[in-house]
């Protein structure tokens, strides 16, 4: 960053106390003529290891969870005067959360991208642009992790109240944002509650083992599933000739000399014996170790073994039961964190007190079979919990005349009215025990 840009940053931080001597001593320095120097001064962290994406299980877990979050629509609702809940379609944040957070990203892409960064880097950031009621001014802009540095002013050097500041370096400029202007989704693994710890930091050894196993497997395939070989020959030759001799044999083994006529033949001189050291993966328990390594990575993410293709211990009666377990054990914690962050920073205090609420629609993840859904709606209508029209809308069916009222079983009466049929002055019905003579 140029000195002029750094000067503007200083004035933003210290508009009134800019001339304080201690501030000048701590910030004004010739060695801080660039943004990198300022980041080092603040003790900011570096990015996570990107090579982890090459590990199949690690990548699969990121894909499963991020797509699950992107698949669930984000709803903005309000509580009605009668205690019900309805979509707040007239609120400027409604379309931003559910349809288009910004002009370049759909809601599915945005939330999926946020979750992928939260898992891999430990933190995901989005700038809350705009305020008030102007629909065209309300946007959420994704902030790539490698472009964001975070500074927690716990000593109140910048303002009278401690706050978290986000330095977003983009487009050749640095935008300084306060905590109220940024959606910050952090991983559950955090020490100070400010910055999340990247998942790869905890799984570095396990992921590295998975990468090594895959490289070993690939090298075996490329060598025709053969390992090293012992080349025995009669007589003695010098070291240089020995290398040339072995190198030529290796070229035949690797297929470098293969043509249409010679493919699987290795010519060796008389008195020479080539003994391959075959590697049996079963003896080395290679597959068992590889599977155990994959389960460890999946467990850290909260992914069930069957979701990564391990069907040896499937214990769910149906896919619906499996999805319910995945939501309860893994997604519920994640979505709750998103809802709390968006609701607190995206909505004003007046909105929250007026009954506005942000939630993820879980129907896409916990969707039941058509038969189960129809039976459930049938019970809800007969139990006076839903009107026929409300049930039909859940099935994407049009409303019907008279379907907007609640129906009840005529045999049911309020508990307070129990026995009222006997208080009208009439004698109770004969119980069959006999009458007057």
- Go over the candidates 268, 295 one by one and state the one that is part of a loop (DSSP other than H, G, I, E, B), modelled with pLDDT of 70 or more and on the phi < 0 side of the Ramachandran plot. 268
- Could you list, in sequence order, all residues of the range 138-185 that are surrounded by fewer than 13 Cβ atoms within 10 Å (Cβ to Cβ) and assigned to a helix (DSSP H, G or I)? 180
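For the range 186-228, how many residues meet the condition of being in contact with a helix residue (DSSP H, G or I) (Cβ under 9 Å, 6 or more places away or on another chain), part of a loop (DSSP other than H, G, I, E, B) and modelled with pLDDT of 70 or more?
Quick first cut of the range 186-228, residues in contact with a helix residue (DSSP H, G or I) (Cβ under 9 Å, 6 or more places away or on another chain) only: 186-189, 196, 198-200, 202-204, 206-211, 213-214, 216-217, 223-224, 226-227.
Next cut, part of a loop (DSSP other than H, G, I, E, B) only: 187-189, 198, 203, 223-224, 226-227.
Remaining after also requiring modelled with pLDDT of 70 or more: 187-189, 198, 203.
Selection size over the range 186-228: 5.
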- Task: Filter the helices (runs of 4 or more DSSP H) completely within the range 333-405 down to those with at least 1 residues that are in contact (Cβ under 8 Å) with a residue 12 or more places away in the chain, more than 30 Å from residue 127 (Cα to Cα) and touching a strand residue (DSSP E or B) at 6+ places or on another chain (Cβ under 7 Å).
- Result: none
- Name the pairs: first residue in the range 195-207 and over 16 Å from residue 145 (Cα atoms), second residue at pLDDT below 85 and part of a loop (DSSP other than H, G, I, E, B), Cβ to Cβ under 8 Å, at least 6 apart or on different chains? 204/49; 207/55
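The values are calculated or read from the model by the stated rules, or taken from the named source; none is laboratory data. What you see is a predicted model, and the numbers here were worked out from it, not measured in a lab. Virtual Cβ from ideal backbone geometry, glycine too; neighbours counted across all protein chains shown.
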